[in-house]
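Here's the structure, in structure tokens; my notes come after.
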Amino acid sequence: MNSCDIVLVKPGSQKALYGDLSDFKLTGLEPPLWGAILAGFLRGKGFDVLLLDAEVEGWSWEETARQIKNTNPVLAVVSVSGSNPSASTMNMVGASAIINNLKEIDPNIPTAISGLHPSALPEETLREEASDFIIRGEGFHTFPKLIEALKAGEEEFPIAGLLYEKDGREIVNPQPELLADLDSLPMPAWDMLPMEKYRAHNWHCFDDISKRQPYAVLYTSLGCPFKCTFCCINSLFGKNTIRYRSINSVMIEIDELVNRYGVRNIKIMDEMFAMNEKRVTELCNRIIERNYDLNFWAYARVNTVSQRMLAKMKQAGINWLAYGFESGSKRVIKDVTKGYDTDKVMEVVGQTYAEGIYICGNYIFGLPEDDYKSMNETLALMFEINAEWSNIYSAMALPGSKLYDMALENKWALPESWQAYSQYAYKTLPLPTKYLSGGQVLAFRDYAFDAYYKNPAYLNMINSKFGEETMKHITGMAEKRLDRKYAVI
């Protein structure tokens, strides 16, 4: 007798993915948004659902497998959709280990892997992993049918979005349709998670670094209409598109997070939130009416924000905007179809600062046209913007991105394991460019990180805006040295 219909599991290992930075608690602990959405949806369909977060519980992969076995599910699912496009592939290490351990202790439990990475590489994932099923896409149409089929004892599964093996043959069903109405989804199953354990990223709470909990994430839209070469986000949806929730639906969830869970720090997960001025203004007005004291952050683009939008977001408590500046080189930006006017960057930066909004700048070293000259241009832009926080990445050919296809076509060196797609792991290996090796790119990225966070102009700015405690937090962080296998020149 099964004790539940489906158990959804978030894998994860802070130490494996973030190295010594995990000890410093630099990183956020993100609640599994996709797991919570699917759990709420399936519960609403009448299924008996459990949701486990191995990362926040600190379970080893072996312990996670034991926890799954104890639930005795009809179907065990490991979901590798992370909190951003780069957070899925690197979690395949944990997903694989959990499935393998579960197969050792109870091979009779049907297993599946879902999320962004298997949606980008469905057939490869089926061949490489011990999982019985691979789920491509969001899962809203696939999971209910699969659970019912398993409960009925069926052995063939003509279900859209599902891949499996039968008698040595690969069965690849077609891409599922997208859910037409996002408002048809119930509240994510936050009640199934230890909400008190999640914490915001350090920079999100620079105004009070000691109060990073409680913390939550939500989305107001799914997908992205843009086609940046390095991004893989739309692999989950099968096409470049964006779908919106109604403002009423979003507000109901915000009310729930604030009033039931005491949340103040919230990440808006939308791949592109600050885009439609009318919609952003309407949502912000509704938040302002509540008179909540909230601390949001959200994604924005240089070519989508306006002064009026910025002012309204600040009023609503959107205190941080993450801009994808990516590179200081016009040539590099044009090559990756980023699609914004680089001459507008400092104008938008000035407008953002003028409204009292902090900036999280996202930069990528090692895009295909990068050489030392262009990477130094990016570093110079970082110093000029002097953002309160900068995410400093090296270019990864993430499965599902055009960059990944280019890497295969051109036989560029790819990381030797999924874990090496992490930005901070020992075996991290970014792409080579047309002019530099992956090791050279990684070495420059680590040099840029060190130079930025030890820059006196930056530290003085942090001290003046947030105080000495936050500045000391950053100087302590900057002392951490990542152990790298490939960061050599």
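The values are calculated or read from the model by the stated rules, or taken from the named source; none is laboratory data. What you see is a predicted model, and the numbers here were worked out from it, not measured in a lab. With ideal geometry, Cβ positions are generated from the backbone for all residues, glycine too; neighbour counts draw on all protein chains shown.
Filtered by the rule that a residue be among the β-branched types (Val, Ile, Thr) and either under 18 Å from Ala387 (Cβ atoms) or in contact with a Cys (Cβ under 8 Å, 6 or more places away or on another chain) (or both), segment 441-474 gives Ile462, Thr470, Ile474.
Output the residues belonging to segment 126-156 that are touching a residue at least 24 places away in the same chain (Cβ under 8 Å), of a type in the set (A, V, I, L, M, F, W, C) and within 25 Å of Arg43 (Cα to Cα). Listed by number, the residues that qualify are Phe133, Ile134, Ile135, Phe140, Phe143, Leu146, Ile147, Leu150.
Considering only residues that are assigned to a loop (DSSP other than H, G, I, E, B) and either of a type in the set (A, V, I, L, M, F, W, C) or closer than 10 Å to Ser79 by Cβ (or both), look in segment 32-51 and name the one that is modelled with the lowest pLDDT. It comes out as Pro32.
For the structure I just gave you, tell me whether Ile134 is β-branched (Val, Ile, Thr), surrounded by 20 or more Cβ atoms within 10 Å (Cβ to Cβ) and within 22 Å of the chain's Cα centre (by Cα). So Ile134 passes the test.
Total residues in segment 229-263 satisfying the condition of being touching a helix residue (DSSP H, G or I) at 6+ places or on another chain (Cβ under 6 Å), more than 17 Å from Glu289 (Cα to Cα) and either of a type in the set (Asp, Glu) or free of Cβ contacts under 8 Å to residues at least 60 places away in the same chain (or both): the figure is 1.
Each row is one residue, and each column tells you yes or no for (1) within 30 Å of Lys472 (Cβ to Cβ); (2) charged (D, E, K, R); (3) in contact with a His (Cβ under 7 Å, 6 or more places away or on another chain).
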{"site": "Pro158", "(1), (2), (3)": "no, no, no"}
{"site": "Leu162", "(1), (2), (3)": "no, no, no"}
{"site": "Ala180", "(1), (2), (3)": "no, no, no"}
{"site": "His204", "(1), (2), (3)": "yes, no, no"}
{"site": "Asp208", "(1), (2), (3)": "yes, yes, no"}
{"site": "Asn234", "(1), (2), (3)": "no, no, no"}
{"site": "Ile247", "(1), (2), (3)": "no, no, no"}
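I'd like to know if segment 446-458 contains one or more residues that are under 22 Å from the mean Cα position of the chain (by Cα) and either part of a helix (DSSP H, G or I) or surrounded by fewer than 21 Cβ atoms within 10 Å (Cβ to Cβ) (or both). Yes, the conditions are met somewhere in segment 446-458.
Considering every residue within segment 275-295, establish whether at least one is within 24 Å of Val348 (Cα to Cα) and of a type in the set (Ser, Thr, Tyr). Yes, segment 275-295 contains a residue that is within 24 Å of Val348 (Cα to Cα) and of a type in the set (Ser, Thr, Tyr).
Pairs are defined by a Cβ separation below 6 Å, a sequence spacing of at least 6 or placement on different chains, a first member in segment 217-228 that is on the phi > 0 side of the Ramachandran plot, and a second member that is part of a loop (DSSP other than H, G, I, E, B); the pairs so defined are Gly223/Phe237; Gly223/Thr241. Within segment 327-353, how many residues turn out to be of a type in the set (A, V, I, L, M, F, W, C) and without any contact (Cβ under 8 Å) to a residue 40 or more places away in the chain? Within segment 327-353, residues that are of a type in the set (A, V, I, L, M, F, W, C) and without any contact (Cβ under 8 Å) to a residue 40 or more places away in the chain number 3. Where residues in segment 157-168 are at pLDDT 95 or above and not small (Gly, Ala, Ser), which of them is surrounded by the fewest Cβ atoms within 10 Å (Cβ to Cβ)? Checking each candidate, the answer is Pro158.
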